[in-house]
1. Express the relative contact order of the chain as a whole percentage, based on alpha carbon pairs under 8 Å and six or more residues apart in sequence.
2. Could you bin all the Cα-Cα distances of region 40-129 into 10 Å bins starting at 0 and give me the percent of pairs in each, rounded to whole numbers?
3. May I ask you to order 116-126, 154-164 by the average number of other C-beta atoms within 10 Å around their residues, highest value first?
4. Between 135, 98, 61, where does the largest GNM mean-square fluctuation fall for the chain, given springs only between Cα atoms within less than 10 Å?
5. In nm, to one decimal, how far is the modelled label at residue 11 from the one at residue 136, with both set 7 Å along Cα→Cβ?
6. Compute the distance from the alpha-carbon center of region 46-105 to that of region 1-32, in whole Å.
7. Which shape class, rounded, prolate or oblate, goes with region 1-86 when its Cα gyration tensor gives a ≥ b ≥ c as root eigenvalues, a/c under 1.5 marks rounded, and past that a/b bigger than b/c marks prolate?
8. Treating the angle as unsigned and between 0 and 90°, give the value, to the nearest 10°, between the Cα long axis of helix 68-87 and the longest Cα principal axis of the chain.
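What follows draws every value from the coordinates through simple rules; no lab data is involved. Please read all numbers here as calculations on a predicted model, not as lab measurements. With ideal geometry, Cβ positions are generated from the backbone for all residues, glycine too; neighbour counts draw on all protein chains shown.
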């Protein structure tokens, strides 16, 4: 029964921290990539993450368009999550917690971009002409356009097919492999 409670506790910690980390990461990425602040989804992210980010903003200023308060919140919460999981005996990190938190945040960022690219490609089949003023598509465009733009310059559409999402996803997966290889060699 004790192992069951440990697993359930670990699940609750991972889900609660995971959702909040995802929201803060999206907020940070949309700020860095100059996403539409007045989009309803952006507003929801800001309202959801303000209880943690706003107090930090009073202490930590931004730096060259990067919201350092969000970065500190992401890093601190990820370290706390890993510490709590280690404390209850689940998922002990193979590296020191501060380094492992950084690696997992980089990996999470790569996953966010991969999933955004997949969703955008799927939505382009369902709503091929932009879908009007869909707030979700606007957020996906804000996240993926900076990745797709250089690929599209290098690889133009072929016969009406845009292969740039496939190339961008492949590049992000290669980055994940490089990160995993780096971790194995530490």
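1. This gives 22 percent for the chain.
2. 14, 31, 33, 18, 4, 0
3. Ranked from most to least packed, the peptides come out as 116-126, 154-164.
4. Evaluated over the chain, the most mobile residue of the options is 61.
5. 2.6 nm
6. 11 Å
7. prolate
8. Between helix and principal axis, roughly 50 degrees.
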